[in-house]
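The block underneath contains the structure these notes are about, expressed in structure tokens.
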Amino acid sequence: MHRSGATMAWNVFKFCTALRGLGSIMILLVLGVVGVTYYAVVLTNYGPALYAGGLDSLVALAVLILFHSLLVMLLWSYFSVVFTDPGSVPPNWKPMIDEERGEADPLVGTEFSNVLSDPNQRVRYCRKCNQLKPPRCHHCSVCGRCVLKMDHHCVWVVNCVGALNYKCFLLFLFYTFLETTLVTASLLPHFITFFSDGEIPGTPGSLATTFLAFVLNLAFALSVLGFLIMHISLVAANTTTIEAYEKKTTPKWRYDLGRRKNFEQSG
Ligand SMILES: [Zn+2]
Ligand SMILES: [Zn+2]
């Protein structure tokens, strides 16, 4: 019994080390997908179409302007999630409760006072960091530290998604969805020509890149849409991904402030 527990802990540790090693490779992978897409959309298909004349040039110009603006927003939000600290526990943090009156510190805000004065809400302690854990804080075994309002450790951004970078993460999902949908729609006519009998213009290399970019962007658009819907419903209920699992046992979610306030707090 003891032995199997130790083996499992070791396996989890190995998994986390693998995730840490994966770090920079995932950033290169994201940049690689962006590169393939850029080559297919700008250099192979819509760049040359600018000189086609007539309506084709106008469509190409519109696609290129939209593609580049969304790309800037996507990369900006992506690197914001990568480089923003998700939120760490301040050193020597203690729950702000007035011990004499048994009331929460007014600076914490009224929405938390019922949480802190809740006798069922015991203060948690992280044995790995040797410190107290504020409410909604979780220890991330990949980052090796406690993260405030931790949502999940995201492999794609090589960072935890927590209190301070959640908004950037939502924007990243949003712009990725818009960009991949635009690319899928704009490459669709070129993709269809693969399966037509007529003569296909272009070198085998550019055709393969167009094919790959279409398949990748379609796959990303569909999976990111799923994530986006999931996270919008999580924000509407003021819940993190981790808490969504815990919530199944709680009848009334204590952080639910009503849909509007929940959205305001997530920013
Ligand atoms: Zn910790
Ligand atoms: Zn983490």
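The values are calculated or read from the model by the stated rules, or taken from the named source; none is laboratory data. Source: prediction; values computed, not measured. When we count neighbours, we look across all protein chains shown, and the Cβ atoms used for this are built from the backbone with ideal geometry, even at glycine.
Considering ALA163, ALA221, the condition of being closer than 22 Å to VAL30 by Cβ and small (Gly, Ala, Ser) is satisfied by ALA221 alone.
Selection of the stretch 145-158 for residues being within 23 Å of LEU28 (Cα to Cα) and within 16 Å of ligand 1 (Cβ to nearest atom) yields HIS152, HIS153.
Scan the stretch 131-155 and report the pairs whose first residue is among the aliphatic types (A, V, I, L, M) and whose second residue is more than 10 Å from ligand 2 (Cβ to nearest atom) and not in a loop (DSSP other than H, G, I, E, B), with Cβ atoms within less than 8 Å and a gap of 6+ or a chain change. Here the result reads LEU132/ARG124; LEU132/TYR125; LEU132/CYS126; MET150/ILE242; VAL155/LEU22; VAL155/MET26, each pair linking the stretch 131-155 to a residue that is more than 10 Å from ligand 2 (Cβ to nearest atom) and not in a loop (DSSP other than H, G, I, E, B). Within the stretch 119-161, being more than 13 Å from ligand 2 (Cβ to nearest atom), farther than 21 Å from THR239 by Cβ and assigned to a strand (DSSP E or B) holds for TYR125, CYS126, GLN131, LEU132. The residue that is nearest to THR37 (Cα to Cα), among those in the stretch 214-236 that are surrounded by fewer than 18 Cβ atoms within 10 Å (Cβ to Cβ) and in contact with a helix residue (DSSP H, G or I) (Cβ under 7 Å, 6 or more places away or on another chain), is LEU225. Only residues that are outside any helix (DSSP H, G or I) and either at pLDDT 95 or above or not small (Gly, Ala, Ser) (or both) were counted across the stretch 201-237, and they come to 2.
Exactly one residue out of LEU55, LEU75 is aliphatic (A, V, I, L, M), more than 16 Å from ligand 2 (Cβ to nearest atom) and at pLDDT 95 or above: that is LEU75. Of the listed requirements (1) away from ligand 1 (no atom under 16 Å from the Cβ); (2) in contact with a strand residue (DSSP E or B) (Cβ under 8 Å, 6 or more places away or on another chain), LYS133 misses just one: (1).
Could you tell me whether any residue of the stretch 242-258 is among the hydrophobic types (A, V, I, L, M, F, W, C), in contact with a strand residue (DSSP E or B) (Cβ under 9 Å, 6 or more places away or on another chain) and not in a loop (DSSP other than H, G, I, E, B)? Yes. Every listed requirement among (1) touching a Cys at 6+ places or on another chain (Cβ under 9 Å); (2) crowded, with 20+ Cβ neighbours inside 10 Å is met by CYS154 save one, (2).
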